[in-house]
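One structure is given here, and the rest of the page talks about it.
The values are calculated or read from the model by the stated rules, or taken from the named source; none is laboratory data. Predicted, not measured: the structure shown is a model, and the values here were computed from it. No Cβ is skipped: glycine too gets one built from the backbone with ideal geometry, and neighbour counts run over all protein chains shown.
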Amino acid sequence: MRYPANAYAKALVEALATAKGSEDERAMADRFVALVRLNGDEARLPSILGEADRLLRAGNNTRRLVVESARALDVKMKELVASLANKGDVVEEKINPDLVAGIKITANDEMQFDASLKRKLDDVFESS
């Protein structure tokens, strides 16, 4: 490990900002990955890219919303989620059978709204 993930991510975001819209954008990304491999940090690429994504979203003032439910969302729930999202937000739907019922929404891997039956059952059993 030569550099921390956030340093790599910051460098990637700045490099891509200078190449934005140019044909060189893809080549720059390829060179970045080659540099990370050369430094022996290839195993850390997922965390580097995750941090770069977070930095880009912060710079664009957008969010990543992860919506988890026990089953596929119906039309009403999709409308509810759409009403919570701002223009440019990335909405990711995940099916998590462990939730039993209800919904869990996480914004930017930081804030969480958990209205799942699993959380309610966990609360009941923790308090007894």
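Filter the stretch 17-49 down to the residues that are of a type outside the set (Asp, Glu) and in contact (Cβ under 8 Å) with a residue 40 or more places away in the chain and list them by number.
Let us first name the residues in the stretch 17-49 that are of a type outside the set (Asp, Glu), namely 17-22, 26-29, 31-40, 43-49.
Arg44, Ser47, Ile48, Leu49, listed by residue number.
So that you can scan it fast, the table gives a plain yes or no per residue for (1) in contact with a Gly (Cβ under 6 Å, 6 or more places away or on another chain); (2) hydrophobic (A, V, I, L, M, F, W, C); (3) more than 30 Å from Ala101 (Cβ to Cβ):
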site: Ala5; (1), (2), (3): no, yes, yes
site: Tyr8; (1), (2), (3): no, no, yes
site: Glu25; (1), (2), (3): no, no, yes
site: Met28; (1), (2), (3): no, yes, yes
site: Phe32; (1), (2), (3): no, yes, yes
site: Leu35; (1), (2), (3): no, yes, yes
site: Arg44; (1), (2), (3): no, no, yes
site: Ala52; (1), (2), (3): no, yes, yes
site: Arg64; (1), (2), (3): no, no, no
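Quick check on my filter: what residues within the stretch 36-49 are surrounded by 15 or more Cβ atoms within 10 Å (Cβ to Cβ) and part of a helix (DSSP H, G or I)? Don't jump to the end; show me each part of the working.
Let us first name the residues in the stretch 36-49 that are surrounded by 15 or more Cβ atoms within 10 Å (Cβ to Cβ), namely 36, 41, 44-45, 47-49.
Hits for the stretch 36-49 are Val36, Arg44, Leu45, Ser47, Ile48, Leu49.
What number of residues within the stretch 66-80 are outside any helix (DSSP H, G or I) and either loosely packed, with under 10 Cβ neighbours inside 10 Å or of a type in the set (D, E, K, R) (or both)?
Residues of the stretch 66-80 that are outside any helix (DSSP H, G or I), as a first pass: 66-74.
Now restrict to residues that are either loosely packed, with under 10 Cβ neighbours inside 10 Å or of a type in the set (D, E, K, R) (or both): 68, 71-72, 74.
So the count comes out to 4.
Quick one: would you say Thr106 is within 30 Å of Ala34 (Cα to Cα) and either touching a His at 6+ places or on another chain (Cβ under 6 Å) or among the β-branched types (Val, Ile, Thr) (or both)? Talk me through it step by step, then tell me what you get.
Numbers: within 30 Å of Ala34 (Cα to Cα): no; either touching a His at 6+ places or on another chain (Cβ under 6 Å) or among the β-branched types (Val, Ile, Thr) (or both): yes.
So Thr106 fails the test.
Can you name the residue in the stretch 9-30 that is part of a helix (DSSP H, G or I) and either on the phi > 0 side of the Ramachandran plot or among the basic types (Lys, Arg) (or both) and is also farthest from the chain's Cα centre (by Cα) among such residues? Spell out how you get there, then give the answer.
Narrowing the stretch 9-30 to residues part of a helix (DSSP H, G or I): 9-19, 24-30.
From what's left, either on the phi > 0 side of the Ramachandran plot or among the basic types (Lys, Arg) (or both): 10, 26.
Numbers: Lys10: 16, Arg26: 22 Å.
Result: Arg26.
Tell me the residue from Ser83, Ser47, Ser69 that is among the polar types (S, T, N, Q), within 21 Å of Ala11 (Cα to Cα) and at pLDDT 85 or above, please.
On the way: Ser83 fails: within 21 Å of Ala11 (Cα to Cα); Ser69 fails: within 21 Å of Ala11 (Cα to Cα).
Within the list Ser83, Ser47, Ser69, the selection yields Ser47.
May I ask you to verify whether Arg57 is surrounded by 12 or more Cβ atoms within 10 Å (Cβ to Cβ), touching a helix residue (DSSP H, G or I) at 6+ places or on another chain (Cβ under 8 Å) and over 22 Å from Arg119 (Cα atoms)? Working first, answer last.
Values: surrounded by 12 or more Cβ atoms within 10 Å (Cβ to Cβ): yes; touching a helix residue (DSSP H, G or I) at 6+ places or on another chain (Cβ under 8 Å): no; over 22 Å from Arg119 (Cα atoms): yes.
So Arg57 does not fit the description; no.
For Val33, state whether it is β-branched (Val, Ile, Thr), in a helix (DSSP H, G or I), in contact with a Leu (Cβ under 9 Å, 6 or more places away or on another chain) and not assigned by TED's automatic domain parsing to the domain that holds Asn108. Quick ask: steps written out before the conclusion?
On the way: β-branched (Val, Ile, Thr): yes; in a helix (DSSP H, G or I): yes; in contact with a Leu (Cβ under 9 Å, 6 or more places away or on another chain): yes; not assigned by TED's automatic domain parsing to the domain that holds Asn108: yes.
Answer is yes for this residue.
Would you confirm whether or not the stretch 16-38 contains a residue that is under 21 Å from Glu110 (Cβ atoms) and not basic (Lys, Arg)? Talk me through it step by step, then tell me what you get.
Here is the first cut: in the stretch 16-38, the ones under 21 Å from Glu110 (Cβ atoms) are none.
For the stretch 16-38, residues under 21 Å from Glu110 (Cβ atoms) and not basic (Lys, Arg): absent.
Kindly indicate the residue of the stretch 81-120 that is loosely packed, with under 12 Cβ neighbours inside 10 Å and in a helix (DSSP H, G or I) and also nearest to the chain's Cα centre (by Cα) among those meeting that condition.
Looking at residues that are loosely packed, with under 12 Cβ neighbours inside 10 Å and in a helix (DSSP H, G or I), I get Ala82.
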